[in-house]
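The values are calculated or read from the model by the stated rules, or taken from the named source; none is laboratory data. None of the values given here were measured: they were computed from a predicted structure. No Cβ is skipped: glycine too gets one built from the backbone with ideal geometry, and neighbour counts run over all protein chains shown. Just the protein is used for accessible areas: all its heavy atoms, side chains included, with ligands, DNA and RNA removed. Shrake-Rupley method; radii C 1.70, N 1.55, O 1.52, S 1.80 Å.
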Amino acid sequence: MSTTELPASHAELMDGVYRWQRHIYDLTRKYYLLGRDRLIDGLDVPAGGTVLELGCGTGRNIILAARRYPDARFFGLDISAEMLETAGKAIDREGLSSRVTLARGDATDFDAAALYGIEHFDRVFVSYSLSMIPGWEKTVSAALAALAPNGSLHVVDFGQQEGLPGWFRAMLRGWLKKFHVSPRESLREVLESESRRTGATFRFRTLYRGYAWLAVIKIAS
């Protein structure tokens, strides 16, 4: 979808949240957005492959992935113009502009062909974004629809902290609420359901006693 068709309320909310936060985002989030590097290592991008990140934010993940897989091409989508500005500058500094393309759009409803000139990707990943996206279930469906044959969707996000003390869970939830973040209790259920619907294989694991959940959906050829 074009930038003029973006859901104004959520786009404006994200721009407002990250107008200043984006400048310290990576410095602060590295302490509690756990499992992101494990997701990147597990992408296993084929040579010459294409990778789409939904909710690319400051570009931190897409830059690390581009370094990790130097033969691949990368595409990033985010609803926040503020975050994309930061990501674009970071990508330029790293000399990755020829391999990384960014676009502004809604992760629940996007037209990859219009945005990037490419319809399907070998890998799609979503890192700590589903917990911020209204109607996040649509993002899962859209991501799967954007996969090429033998492609895979990789997701890491907050779990339910099921193995951690109740006081920690309450403290974390209170902190995350300040940034409009809500861990998705039904995340595993939705991913499993979408896997069955598409005839895909599904792998799921909990990290750090349930602090984070990591999942991979791989579609058939």
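Yes/no per residue for (1) of a type outside the set (Asp, Glu); (2) in contact (Cβ under 8 Å) with a residue 24 or more places away in the chain; (3) out of contact with any Asp or Glu (no Cβ under 6 Å at 6 or more places or on another chain):
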site	(1), (2), (3)
Ser98	yes, no, yes
Ala103	yes, yes, yes
Ala107	yes, yes, yes
Ala112	yes, yes, no
Gly117	yes, no, yes
Phe121	yes, yes, yes
Phe125	yes, yes, no
Leu130	yes, yes, no
Gly135	yes, yes, yes
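Based on what the data block shows, is Ser195 open to solvent by 20 Å² or more (accessible area, probe 1.4 Å), without any contact (Cβ under 8 Å) to a residue 60 or more places away in the chain and over 13 Å from the mean Cα position of the chain (by Cα)? It is false that Ser195 is open to solvent by 20 Å² or more (accessible area, probe 1.4 Å), without any contact (Cβ under 8 Å) to a residue 60 or more places away in the chain and over 13 Å from the mean Cα position of the chain (by Cα). When Gly55 is tested against (1) modelled with pLDDT of 95 or more; (2) open to solvent by less than 10 Å² (accessible area, probe 1.4 Å); (3) within 22 Å of Leu176 (Cα to Cα), only condition (2) is not met.
For the stretch 206-220, the criterion of a residue being over 20 Å from Gly35 (Cα atoms) and either surrounded by fewer than 18 Cβ atoms within 10 Å (Cβ to Cβ) or in contact (Cβ under 8 Å) with a residue 24 or more places away in the chain (or both) is satisfied by at least one position. Here Ala148 passes the criteria (1) open to solvent by 30 Å² or more (accessible area, probe 1.4 Å); (2) over 20 Å from Arg36 (Cα atoms); (3) more than 14 Å from the chain's Cα centre (by Cα); (4) of a type outside the set (Asp, Glu) except the one numbered (1). Among the residues making up the stretch 99-112, a single one is more than 19 Å from Arg123 (Cβ to Cβ) and polar (S, T, N, Q): Thr108.
What do you reckon, is Arg22 basic (Lys, Arg), more than 15 Å from the chain's Cα centre (by Cα), at pLDDT below 95 and under 28 Å from Glu137 (Cβ atoms)? Let's see the steps before the verdict.
Values: basic (Lys, Arg): yes; more than 15 Å from the chain's Cα centre (by Cα): yes; at pLDDT below 95: yes; under 28 Å from Glu137 (Cβ atoms): yes.
Spelling it out, Arg22 is indeed basic (Lys, Arg), more than 15 Å from the chain's Cα centre (by Cα), at pLDDT below 95 and under 28 Å from Glu137 (Cβ atoms).
The one condition from (1) open to solvent by 30 Å² or more (accessible area, probe 1.4 Å); (2) within 15 Å of Glu185 (Cα to Cα) that Val156 does not meet is (1). Considering only residues in the stretch 105-144 that are assigned to a loop (DSSP other than H, G, I, E, B) and of a type in the set (Val, Ile, Thr), the one that is surrounded by the fewest Cβ atoms within 10 Å (Cβ to Cβ) turns out to be Ile118.
Taking the numbered list (1) small (Gly, Ala, Ser); (2) at pLDDT 95 or above; (3) in contact with a helix residue (DSSP H, G or I) (Cβ under 6 Å, 6 or more places away or on another chain); (4) within 25 Å of Ala212 (Cβ to Cβ) in turn, Ser80 passes all entries but (2). Could you list all residues from the stretch 167-192 that are over 29 Å from Ala148 (Cα atoms), surrounded by fewer than 16 Cβ atoms within 10 Å (Cβ to Cβ) and of a type in the set (D, E, K, R)? Once the filter is applied, which keeps residues that are over 29 Å from Ala148 (Cα atoms), surrounded by fewer than 16 Cβ atoms within 10 Å (Cβ to Cβ) and of a type in the set (D, E, K, R), the stretch 167-192 yields Arg173, Lys177, Lys178. For Glu185, the conditions (1) closer than 26 Å to Ala65 by Cα; (2) at pLDDT 95 or above; (3) assigned to a loop (DSSP other than H, G, I, E, B) all hold with the exception of (1). Across the stretch 65-94, the qualifying residues are those that are β-branched (Val, Ile, Thr) and in a helix (DSSP H, G or I), and the one among them that is farthest from Phe125 (Cα to Cα) is Thr86. Within the stretch 53-64, the set of residues being touching a residue at least 40 places away in the same chain (Cβ under 8 Å) and either farther than 14 Å from Ser129 by Cβ or not in a loop (DSSP other than H, G, I, E, B) (or both) comprises Glu53, Leu54, Asn61.
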